[in-house]
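Input: a single structure, listed below in structure tokens.
Read the figures in this text as sums done on the coordinates, not as results from a lab. As the structure is a computational prediction, the values presented were derived from the model and not from experiment.
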Amino acid sequence: MSSPTRLPLIAGNWKMNTTVAEAVTLVRAMRTELERITGVEQVVCPPFVSLDAVHRELEASPIQVGAQDVFWEDKGAYTGEISPVMLAPLCRYVIIGHSERRQYFGETDEIVNRKLRASLQHRLSPIMCVGETLAEREAGQTDLIIERQVRGGLAGLAACPGLVIAYEPIWAIGTGRASSGADAEAVIRRIRAAVADLLGEPVAQITRILYGGSVTSANVAEFLRYPEIDGGLVGGASLRSDEFVAIVWSTEIAKHSTTI
Ligand code: PEP
């Protein structure tokens, strides 16, 4: 069921896949079908080098573009980095703190916080990712880890317009082993409570919180029947146009007809 205050959102994280030509082909393959679905906000997040081409393809479309990362400074001697000033004309969203960035590039909650602040300054909507490892889950530390990541990421912020949070248990990413809907919903409730504590209840009620981790068209409805789960961050399955379209259709149906 859909929340009256939160438009469902499905974002596709293409990760380090697709050349510029492949990115354009992919977006062309899904665009017409996606545009028929009006009750779900849709975002595609191609690699940096394809942002401009995908942005041009979608200029007259309600489908939004997102980046997969951002640096916190506007410009300067930071070889290889991309600033929010560069991204702002090309996209509305930016993924921050994905577990692959935390795991392979040493991103800490403090770095996530800096990137989040920089994005907000340039009117980019952050999709902040949080999630526990399998060892942390098995040690009963899920709530502790998630709270720490949410509080660290949002530290010192008085407001966070356009904030989206993605709960992505690391053991579920790219493994084919998704969380259960009930487990994801329980964690997402805690995330919303932490947002309420930090930024106030009205902000918590409009903040969209997604589930991510091995989402497919076959399992997405299991998550979206929970009113607390506002959509999905989709990795592998977002690289196939038919599968991504099917996920968005399932979201439309689940959010606009099902009750739990
Ligand atoms: C992701 O990378 O954010 C993700 C959820 O990947 P996948 O859907 O492939 O598990």
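Taking the centroid of alpha carbons for each part, segment 160-182 and segment 113-144 are 10 Å apart.
In terms of overall dimensions, the C-alpha atoms belonging to segment 125-260 reach 42, 33, 28 Å along their principal axes, ordered largest to smallest.
Taking every Cα-Cα distance in segment 139-178 and sorting them into 5 Å bins from zero, the calculated P(r) comes out as 5, 17, 23, 20, 18, 10, 5, 1 percent.
Express in nm, to one decimal, how much length is gained between THR108 and ALA60 on full extension, taking 0.36 nm for each residue of separation and deducting their alpha carbon distance.
13.6 nm
Near the amide H of VAL70, within less than 5 Å, lie no amide hydrogens of residues on another chain or at least 5 residues away, with H placed in the peptide plane. Coupling constants for segment 39-44 follow from the phi torsions by the Karplus curve (6.51 cos²θ - 1.76 cosθ + 1.60, θ = phi - 60°), and in residue order they are x, 9, 6, 10, 9, 10 Hz; glycine and proline get x. At 4 °C and 1.567 mPa s, what whole-number value in µm²/s does Stokes-Einstein give for the translational diffusion of segment 1-60, with Rh from the Kirkwood sum over Cα pairs? My calculation gives 103 µm²/s for D. Kyte-Doolittle mean at least 0.5 and Cα extent at least 15 Å along the axis: which DSSP H helices of the chain qualify? Within the chain the helices that satisfy the rule are 181-199. For GLY231, the residues whose modelled amide H falls within less than 5 Å of its own, excluding neighbours fewer than 5 places apart on the same chain, are LEU9, TYR211.
For the pair ALA218 and GLU73, the difference between a 0.36 nm per residue extended length and the Cα-Cα distance amounts to 48.1 nm. Over all pairs of different C-alpha atoms in segment 42-172, the reciprocal of the mean inverse distance, the Kirkwood hydrodynamic radius, equals 15.3 Å. Using the rule -39500 (n - 2.57) for each DSSP H run of four or more residues, divided by the residues of the chain, the 222 nm mean residue ellipticity is -12500 deg cm²/dmol. Rounded to two decimals, the Cα radius of gyration of the chain over 2.2 N^0.38 Å is 0.93.
Our coupling estimate for segment 48-57, obtained by passing each phi through the Karplus curve with A = 6.51, B = -1.76, C = 1.60 and θ = phi - 60°, is 3, 5, 9, 4, 5, 5, 6, 4, 5, 4 Hz, Gly and Pro reported as x.
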